[in-house]
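Asks: Sharing a structure below in structure tokens format, with a few things to ask.
The values are calculated or read from the model by the stated rules, or taken from the named source; none is laboratory data. Note that the structure is a prediction, hence the values are computed from the model and not measured. Cβ sites come from the backbone with ideal geometry, for glycine too, and all protein chains shown count toward neighbours. Just so you know, the surface numbers come from the protein's heavy atoms only, side chains and all, with ligands and any DNA or RNA stripped out. Shrake-Rupley method; radii C 1.70, N 1.55, O 1.52, S 1.80 Å.
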Amino acid sequence: AQRFVLATCEINLVPKLDTSMTVSPWAIAARIVVSIEAVCGVVLNLLLLYLLARLDVGRAARLYRISCMITALLGSYTSFLLLLLEDLVILVEGGLAVVLYGPILFYLPDKINDVLCIGFFTQTHTMWQTIAAPSIIQWMYLAMPNSSDARRLFCAYIVPIICYANTLYYMQYIIPDDAMKTTLVRSIYDLHGTDLRDFHIYGFRMIDEDGIDLRDIMLREAVPSYIAAYGMFIFSAVQIRSRLRGFGSITSTKTDRMQRRFFHIQIAQVLLPLVLMSPPMGIALVAGFNGANFASLTIILDFFLWITPSATAFLLLIFVVKSSRNRSAKTSHVGISNNYPSPRVPSNSSRTAA
């Protein structure tokens, strides 16, 4: 009864809603797709964590394993919050709507829901903010072999931590005022046929001369962190490539192969968010500057945004499993060679018998 009263009071913010309108099949399909992406993200990232904890990837790859574990932890956390919140990001007339269909939110206080929403959208920005960290670690390993592990980790993650703090500050503006909430709820009702009995609403204005709007978020937070992450990766990738050219002459073939394989998986890992997240960020930029209505392109935002943790975990799983198999095969080969004498050299017992 309390939930019904609260929902009714909130619905009164939006006048003259046609309660006979049916729920859009798109809204149902989008929620199903987002839930599937969230479950896949949780499963794949937890599997990656399990393999990293159990499998031996070698001493030379110790820091790379830590970096991969950080990526897996962030990915599993993002996917778990997505599963909990069932978030759909929709660009509507006048703003960016963050629609949370998670049923558990109706049983939580509003303050807790606000914290979950702010935490979730701050966390999603780590999908690109941390992409350069593994390459910085590899570059420092090759260029500064005497530097400590703590120093390498600090240099790799200090910029993402600063960007994270900046994101956390701006995401506090995702909680709309009553006027903005009324506009967003009406837009979602017209698009999905759902109301505040079905979801919780957050979002930003496209243009707000008196406060923080979507343009401010993009220009002061999202775009700068995007440029910083990819700028650091490009710098470290160029340095890594130049040093790998002569790396094989001063180290073992196995270590050289591992370094090159890790470098290639980094390139794929970095290109993945670039390919998947550039369309939604580009659409948000166009909408922010022109005030355009892109509600019909919601599928681009939701599909490309929330598949990233799963795709990243899948790439890292390929690297971890392949590295472990190669190491196991080499260990088995060495064990066989040590336990069995070569057929070309007779054993001591054969010589005695002779």
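Asks: So in segment 68-84, with the set limited to residues that are in contact with a helix residue (DSSP H, G or I) (Cβ under 6 Å, 6 or more places away or on another chain) and within 22 Å of Val23 (Cβ to Cβ), which one is least open to solvent (accessible area, probe 1.4 Å)?
Replies: Top of the filtered list is Leu82.
Asks: Would you check if Ile131 is aliphatic (A, V, I, L, M) and touching a helix residue (DSSP H, G or I) at 6+ places or on another chain (Cβ under 9 Å)?
Replies: yes
Asks: Look through segment 75-106, keep the residues that are assigned to a helix (DSSP H, G or I) and free of Cβ contacts under 8 Å to residues at least 60 places away in the same chain, and return whichever of them is nearest to the chain's Cα centre (by Cα).
Replies: Applying the filter and picking the extreme gives Tyr77.
Asks: Touching a residue at least 40 places away in the same chain (Cβ under 8 Å), within 19 Å of the chain's Cα centre (by Cα) and within 26 Å of Ser35 (Cα to Cα): is that true of Ile136 in this structure?
Replies: For Ile136, the condition - touching a residue at least 40 places away in the same chain (Cβ under 8 Å), within 19 Å of the chain's Cα centre (by Cα) and within 26 Å of Ser35 (Cα to Cα) - is not met.
Asks: While we're on this one: Look through Asp208, Asp190, Asp198 and report the one residue that is within 15 Å of Asp87 (Cα to Cα) and open to solvent by 30 Å² or more (accessible area, probe 1.4 Å).
Replies: Exactly one residue qualifies, and that residue is Asp198.
Asks: Select from segment 165-175 the residues that are without any contact (Cβ under 8 Å) to a residue 60 or more places away in the chain, crowded, with 19+ Cβ neighbours inside 10 Å and not hydroxyl-bearing (Ser, Thr, Tyr) and list them in ascending order.
Replies: Matches in segment 165-175: Met171 only.
Asks: Kindly provide the set of residues from segment 41-67 that are open to solvent by 60 Å² or more (accessible area, probe 1.4 Å) and closer than 18 Å to Ile318 by Cβ, ordered by number.
Replies: Val43, Leu46, Leu47, Tyr50, Ala53, Arg54, Asp56, Arg65, listed by residue number.
Asks: Looking at segment 218-231, which of the residues that are among the aliphatic types (A, V, I, L, M), more than 16 Å from Ile90 (Cα to Cα) and in contact with a helix residue (DSSP H, G or I) (Cβ under 9 Å, 6 or more places away or on another chain) is surrounded by the most Cβ atoms within 10 Å (Cβ to Cβ)?
Replies: So the first thing to find is which residues in segment 218-231 are among the aliphatic types (A, V, I, L, M), and the list is 218-219, 222-223, 227-229.
This time we only want the ones that are more than 16 Å from Ile90 (Cα to Cα), so: 219, 222-223, 227-229.
From the residues that got through so far, the ones that are in contact with a helix residue (DSSP H, G or I) (Cβ under 9 Å, 6 or more places away or on another chain) too are 219, 222-223, 228-229.
Details: Leu219: 13, Ala222: 21, Val223: 14, Ala228: 17, Ala229: 25.
Once the filter is applied, the top-ranked residue is Ala229.
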